[in-house]
Amino acid sequence: MKRFLFATLFFAVLLLIWEALFRAKIWSSVLVPSPKQVVVYLENAAMDGTLANATIVTMRRLLIGYIIGLLAGLPLGLLTACSKLWQDTIGTLALGLQGLPSVCWVPLALLWFGQTEAAMLFVVVMGTLWSVVIATETGVRNVPPIYRRAALTMGSKRLHIWLKVILPAALPFIVSGMKQGWAFAWRSLMAAEI
């Protein structure tokens, strides 16, 4: 109960500071509208369907970009885990690009694709892709070698080992990368839509 009261008080103080900044007229009301103006705008957008339409468009962009990032990132991560050549090329590229803020992709996307849907999808894919590649590679590389040897001893073949031993053992890392990719996809989309 105490945490709820502190949280409520904190947000009430933030609203008061916001209202005070609006009334002080330090900035134009276009830059800092009052909380009441924001609520009225959101109510109107909800009533006329603008808010729902914008939400649907945003979610579609997010899901398509995220799925493309997963479909490209999982195989690339598996390749980098299986081959020293791929690790030295794609793996190194993934490490370098994963640390790049998502907003850095926006100017390139606009140059390459113009102000199109493809530009926004590209930014979301770039936000997702590298986290998934790195997590998949790390997961596969961290599978204890005893698991593979045990499967080979029991007569498993290469595909069976991959499907029944390596991928399930690497799954916690892969899911972690998917979660991070989802968070980065959101952040990327916000940068692209601005």
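The values are calculated or read from the model by the stated rules, or taken from the named source; none is laboratory data. Keep in mind it's a predicted model, so treat the numbers as computed, not measured. Here the Cβ is made from the backbone with ideal geometry for all residues, glycine too, and neighbour counts use every protein chain on show.
Annotations for the structure displayed:
- Scanning segment 6-30 for residues that are loosely packed, with under 10 Cβ neighbours inside 10 Å and either closer than 17 Å to Tyr41 by Cβ or among the charged types (D, E, K, R) (or both) gives Arg23, Lys25, Ser28, Val30.
- The set of residues in segment 163-194 being of a type outside the set (A, V, I, L, M), crowded, with 17+ Cβ neighbours inside 10 Å and either outside the structural domain of Leu111 (by TED's automatic domain parsing) or under 30 Å from Ala151 (Cβ atoms) (or both) consists of Phe173, Gly177, Gln180, Gly181.
- For segment 61-103, a residue qualifies if it is farther than 18 Å from Trp182 by Cα and surrounded by fewer than 15 Cβ atoms within 10 Å (Cβ to Cβ), and the qualifying residues are Ser83, Lys84, Leu85, Asp88, Thr89, Thr92, Leu93, Gly96.
- Residue in segment 58-65 that is out of contact with any strand residue (DSSP E or B) (no Cβ under 9 Å at 6 or more places or on another chain) and either aromatic (Phe, Trp, Tyr) or over 19 Å from Leu129 (Cα atoms) (or both) present: no
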